[in-house]
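Only one structure is covered here, and it is reproduced in the block below.
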């Protein structure tokens, strides 16, 4: 593994910087379904179906709700992120591994900055110089190419000298075309058996790890 030219390290947040076993996103998904049910006036089963459909079609449930129903993103983000963060524990070993990386470290998440800051605080990861949430990219979520372009423009880095860590293989396709090193953390957003045809792992996933801390240590 040659990461010697890498000078910018980009990390997704949910299920990337903490393990899926924390089930933080399960709380968020439940609140997403409840929010969709309430604002669209549909039953919970239909709301859950729409939540997943919009995630598949638009990259995030929020993007689908904005496109299809002109939903207010700010109210949505406040609601779905009103969760119990105590399930997260500080991870000093991961903090040390990220800190040891040479160059700049940033977070690029489809969540909002306030939520990301709370998660990073709970994890004890004050190691990033910038956080780019959905508001910072004009509500264009990964894997939309505009999301990556906005982060690259705002932070001013060369994508050919960057690496991106993600739990959703879809979100690594654009970075790969831009010349980034791409690393899938975990089995894939909903596990390998539930990946549809558009999400099958391909050449755009260059590396895969179930141990982010160990992987980062091997690079230093």
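What follows is calculated from the coordinates using simple rules that are stated; it is not laboratory data. Note that the coordinates shown come from a computational prediction; the quantities given were computed from them, not determined experimentally. Cβ coordinates were reconstructed from backbone atoms using ideal geometry, including for glycine residues, and neighbour counts include every protein chain displayed.
With r defined as the distance between the Cβ atoms of residue 38 and residue 177 and R0 fixed at 35 Å, what FRET efficiency is calculated, to the nearest 0.05?
Efficiency, from the Cβ-Cβ distance: 0.35.
Calculate how steeply helix 145-155 sits against the longest principal axis of the alpha-carbon atoms of the chain, using the helix alpha-carbon long axis, and give the answer as 0 to 90 degrees to the nearest 10.
50
Let me have the relative contact order for the chain, percent, based on Cα pairs under 8 Å that are six or more residues apart.
The value is 23 percent.
With each label point set 7 Å from Cα along the Cα-Cβ vector, what nm distance links residue 129 and residue 114?
Computed distance between label sites residue 129 and residue 114 equals 2.8 nm.
Mind jotting down the distance between the C-alpha centroids of segment 2-80 and segment 88-107, whole Å?
Rounded to whole Å, the Cα centres lie 24 Å apart.
Using only Cα atoms and rounding to the nearest 10 degrees, what angle (0 to 90) does helix 24-40 make with the longest principal axis of the chain?
30
Helix-only estimate, please: 222 nm mean residue ellipticity of the chain, summing -39500 (n - 2.57) across DSSP H runs of length 4 or more and dividing by its residues, to the nearest 500.
After summing the helix terms and dividing by residue count, I get -12500 deg cm²/dmol.
What order do you get for 88-98, 143-153 when each peptide is scored by the mean count of other beta carbon atoms within 10 Å, highest first? Don't jump to the answer; show the numbers that get you there.
Values: 88-98: 16.0, 143-153: 18.2.
Highest to lowest by the protection proxy: 143-153, 88-98.
Could you give me the percent of Cα pairs per 5 Å distance bin for segment 24-80, shortest bin first, beginning at zero and ending with the bin that holds the maximum distance?
Final binned percentages: 5, 22, 34, 30, 9, 0.
Spin-label point model (7 Å from Cα, Cβ direction): what's the residue 53 to residue 217 distance in nm?
4.7
What whole-number volume per residue, in cubic angstrom, does the convex hull of the C-alpha atoms of segment 64-188 give? Working shown, then result.
On the way: hull volume 14.7 nm³, N = 125.
Cα-based convex hull of segment 64-188, divided per residue, equals 118 Å³.
Could you list 66, 52 so that the one with the fewest beta carbons within 10 Å of its beta carbon is first and the one with the most is last?
Fewest-to-most ranking of 66, 52: 52, 66.
Could you quote the convex hull projected area for the chain, Cα atoms only and averaged over all directions, in nm²?
Taking the Cα atoms of the chain, their convex hull projects to 11.2 nm² on average.
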